[in-house]
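Novice: The structure follows.
The values are calculated or read from the model by the stated rules, or taken from the named source; none is laboratory data. These figures come from a predicted structure and were not determined experimentally. Counting neighbours? That spans all protein chains shown, and the Cβs are built from the backbone with ideal geometry, glycine included. Only protein heavy atoms, including side chains, enter the accessible area calculation; ligands, DNA and RNA are left aside. Shrake-Rupley method; radii C 1.70, N 1.55, O 1.52, S 1.80 Å.
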Amino acid sequence: MPLAETNLQVIKRLFVFGVKATLNSAQSAERLHELLVSHQFSNGINIVTPGTPTNNTPDAPAGFSTRDPGHETSYDVTVATPYTPGKNAQSNGDLLRVALGNRKTKDTFAGVAEASSDECAAAKHMNVALWQSTWGYYLEQMMTGFWSNDNVDANLTWIRQHFIEHVRPGGPLPTIRVGKQPYGLLPVTALNAWVSTDSKENALIQLLVNLRDFWIILSKENKTPKLGRTNDPQQDLKEVLQHDALSSSFQLRNVNARAYFYNLLSLIFNVQTGQTQGETAIGQSGQTVLSYFKLTPFKTPRIVDGIIFSADAKLFNFDNFPLVLPKAAQAEITNYIDNLLKTTNLEALSATDVKGKPLLYLLLRHSMLLEYARLSVREGDGSKPFIPEREQEFVNIPGATDSSFTAGPTAFQKLIDLEKSGKNPLGWKDARLSEFHNSLVQLKSLFNQPDVLSRYMVGTLDACSYRLDAWITSFATARLNTLRQLKMQPDGGYDYIDGVYLGGYGWIENLKPKDTLLDAPNKGTAPLVPSDNPGYTHTPSLGQAATVAVLRNGHLSYTDTNSEKSDLLAINLTSERVRTVSVLLRGIRNGQPLGALLGYRFERSLHENYPTLGFNRYIAKCRELAPQISKKLDSEGEVSESVPASQVVDGWRLHKLYKELGENALLEKLGLLKLDPSQLPACNAIITEILELGNLLDGLTHY
């Protein structure tokens, strides 16, 4: 790509992409379907469940295995319990077919293991169940005043629905395995180029763009592991791979707002001084944050006036705090999710001793109480607009006369009062409550799989803290789902929008010009290759690519040395050599001696490659010099007779003689002299073919 004369010293990022324009969307979808089916019936294709180990470890083997005793697994996925397209919209097979535009092709992923599984739906149910104890409470209480009373219900409903349907820290689509290689599927888009007619969507997009810039700055300041962080890419990759995809611990921060802080300062100084210093310390910093992220709230949110204390890093360490199951004997563990569903008394549930209870139970219990308390604001009528009631900072202070200390009952106290008055909130009917209960039912069925519950709980909490990327990619997921919905056709009917375009992309970062530039070669001439460029290796499989990469890196580490080891690991693994070695191995397995196999190739090469030199007389001398010996064994396995076989030279013995005698001595025994110009072509041909025998022997050793 020619570049104009410029003083540009580095290209920060060079991005290249392309789309196969010769196929339309329907043809591309059909081509993709054919490719997937071909993989299924050749090197295999499978859907990898979340949490499957990709490598062997001391604790567990890798998830991939070619073992299928009695073909039980194959029978199960193809005959006993086959995947039925369209039966479960949340199944892995349906999610992939919809995303890849192959919904109309019924046999895509048919007979593929785990295609019927719907474990990915657990991520959605966990988002539903934990919403009110995480984002729901934060937006309703900490962000109180950000929206006007006329808009708050619509905005909260939209954000909740977007989070539940599209935010997936583990990705919205299943991982597939082709052969031995797993591939993750992730919808992506350019956030800066996003266009939407929805004002709520545009507002959240703008916030994510601003947060992303801040996120990048913090990642650099905190030296977050990433490729390109230092000048050592190997160390960068090592640091990245040392981190897990999920949090290993949680931190808890306490927040105190305006009234508490003012009263504390007033106790230390006086009322006027306390309020003045409080306004200066809190108000200015909070407004700075709003300005930095370009937020224009209806009123100043509550969190802006808050004091956030340092985190307690030890509180939720996974090693000493139970996540899903309590630290008790297996016989003592009860399904607390089922117990929550069977709750008949909210007041008794709120008074339950939480000491030693798992984090998941605490969050689900809190969500359940908050869901009912939230509905109590609407007096049990979910159709009424929701306007959050600001929680009071001080409740039931004895002897208080100030209005900030004598507030009315909290939302939860109202809930208990309703329960005591005979208006049992547990009997309320509401679509959101029904959705919450349905998610608890689904999570209850996973109680005997604590690893699954833990994975999705931690993922949801991560999406409520640092997983900005999960929110950014959620818009690509939402847009893809919108594109795949039913659309009205010209004939008035409805049909799914299928199809896909195939393409690829790649990029390189920090591209700098070399000190010495090479002139472009003229048309028709060979390309110029720098002396320090080892070139590319094209391989037919990932396994061969990995082998070549390891061997070449080892070889290149010695090429700059002047020692005798400069040719160490200089191994020829071309496809032609591998095919030839494979033929030799098949011959050996069929009972042919290695010497005879090499001899056949030696004699045939002389005849075919040098037809004008008349090698019959020299081949006969080669057979005399390195005869093929046919050995017969008696009934006890002992050699009883050795008979010279003059039909072919022993190629292995001939190469051994070449190494023992040397080039000139071997040629003399064959009646050839290199000093004789008339015999020089024959000498060179024989030596060339003998060296090729050594090349084949070397290939057999490495194969």
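Novice: Which numbered condition trips up Thr482, out of (1) free of Cβ contacts under 8 Å to residues at least 24 places away in the same chain; (2) more than 30 Å from Leu208 (Cβ to Cβ)?
Specialist: In the conditions (1) free of Cβ contacts under 8 Å to residues at least 24 places away in the same chain; (2) more than 30 Å from Leu208 (Cβ to Cβ), Thr482 misses (2) alone.
Novice: Can you pull out the residues in segment 40-50 that are at pLDDT 90 or above and either in a helix (DSSP H, G or I) or in contact with a Leu (Cβ under 6 Å, 6 or more places away or on another chain) (or both)?
Specialist: Result: no residue meets the conditions.
Novice: Only one residue in Val112, Val152 is surrounded by 21 or more Cβ atoms within 10 Å (Cβ to Cβ) and farther than 25 Å from Gly184 by Cβ, so which one is that?
Specialist: Val152
Novice: List pairs: first in segment 14-26 and part of a helix (DSSP H, G or I), second of a type in the set (Phe, Trp, Tyr), Cβ under 7 Å, 6+ apart or cross-chain?
Specialist: Close Cβ pairs satisfying both conditions: Ser25/Tyr501.
Novice: While we're here: Of all residues being part of a loop (DSSP other than H, G, I, E, B) and under 30 Å from Leu359 (Cβ atoms) in segment 115-138, which is most open to solvent (accessible area, probe 1.4 Å)? Just the residue, please.
Specialist: Asp118
Novice: Follow-up. Being β-branched (Val, Ile, Thr), outside any loop (DSSP other than H, G, I, E, B) and open to solvent by 30 Å² or more (accessible area, probe 1.4 Å) is the filter here, so list the residues in segment 164-204 that pass it.
Specialist: Across segment 164-204, the qualifying residue is only Thr175.
Novice: If the requirement is being at pLDDT below 80, exposed (fewer than 13 other Cβ atoms within 10 Å of the Cβ) and aromatic (Phe, Trp, Tyr), which of these qualifies: Tyr558, Tyr494?
Specialist: The match here is Tyr494.
Novice: Shifting gears a bit: Sort out which residues of segment 650-671 are touching a helix residue (DSSP H, G or I) at 6+ places or on another chain (Cβ under 7 Å) and farther than 19 Å from Pro627 by Cβ, and write them in order of number.
Specialist: Glu663
Novice: A further question on this structure: Does any residue in segment 666-677 that is surrounded by 14 or more Cβ atoms within 10 Å (Cβ to Cβ) come within less than 7 Å, Cβ to Cβ, of a residue that is among the small types (Gly, Ala, Ser) six or more places away or on a different chain, and which pairs are these?
Specialist: Taking only residues 6 or more apart or on different chains, the pairs are Leu672/Ala682.
Novice: Based on what the data block shows, is Gln489 closer than 30 Å to Leu211 by Cβ, at pLDDT below 90 and exposed (fewer than 12 other Cβ atoms within 10 Å of the Cβ)?
Specialist: The answer is no for Gln489.
Novice: I would also like to ask the following. Take Asn572 and tell me if it is at pLDDT below 75, under 26 Å from Gly694 (Cα atoms) and open to solvent by 80 Å² or more (accessible area, probe 1.4 Å).
Specialist: no
Novice: In segment 140-149, which residue that is assigned to a loop (DSSP other than H, G, I, E, B) and either of a type outside the set (Ser, Thr, Tyr) or under 25 Å from the mean Cα position of the chain (by Cα) (or both) is surrounded by the fewest Cβ atoms within 10 Å (Cβ to Cβ)?
Specialist: Among those that are assigned to a loop (DSSP other than H, G, I, E, B) and either of a type outside the set (Ser, Thr, Tyr) or under 25 Å from the mean Cα position of the chain (by Cα) (or both), it is Asn149.
Matching residues to (1) free of Cβ contacts under 8 Å to residues at least 24 places away in the same chain; (2) at negative phi:
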site: Gly179; (1), (2): no, no
site: Leu207; (1), (2): no, yes
site: Leu218; (1), (2): yes, yes
site: Asp232; (1), (2): yes, yes
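Novice: Looking at this structure, is Gly694 surrounded by fewer than 17 Cβ atoms within 10 Å (Cβ to Cβ) and in contact with a His (Cβ under 7 Å, 6 or more places away or on another chain)?
Specialist: Answer is yes for this residue.
Novice: Any idea which of (1) under 30 Å from Val548 (Cβ atoms); (2) modelled with pLDDT of 75 or more; (3) open to solvent by 30 Å² or more (accessible area, probe 1.4 Å) is the one Tyr703 doesn't satisfy?
Specialist: All conditions pass for Tyr703, except number (2).
Novice: Please pick out the residue among Thr296, Thr343 that is modelled with pLDDT of 80 or more and either open to solvent by less than 70 Å² (accessible area, probe 1.4 Å) or under 30 Å from Gln442 (Cβ atoms) (or both).
Specialist: One residue alone meets the criteria, Thr343.
Novice: Another question, then. Go through segment 606-629 and give me each residue that's β-branched (Val, Ile, Thr) and loosely packed, with under 12 Cβ neighbours inside 10 Å.
Specialist: Listed by number, the list holds a single entry, Thr612.
Novice: Determine which single condition His607 fails, assuming it passes every other condition in (1) at pLDDT 85 or above; (2) closer than 17 Å to Thr688 by Cβ.
Specialist: In the conditions (1) at pLDDT 85 or above; (2) closer than 17 Å to Thr688 by Cβ, His607 misses (1) alone.
Novice: Sticking with this structure for a sec: Condition check: open to solvent by 50 Å² or more (accessible area, probe 1.4 Å), modelled with pLDDT of 80 or more, touching a helix residue (DSSP H, G or I) at 6+ places or on another chain (Cβ under 6 Å) and closer than 23 Å to Trp215 by Cα. Does Leu241 satisfy that?
Specialist: No; evaluated as a whole, the condition is false for this residue.
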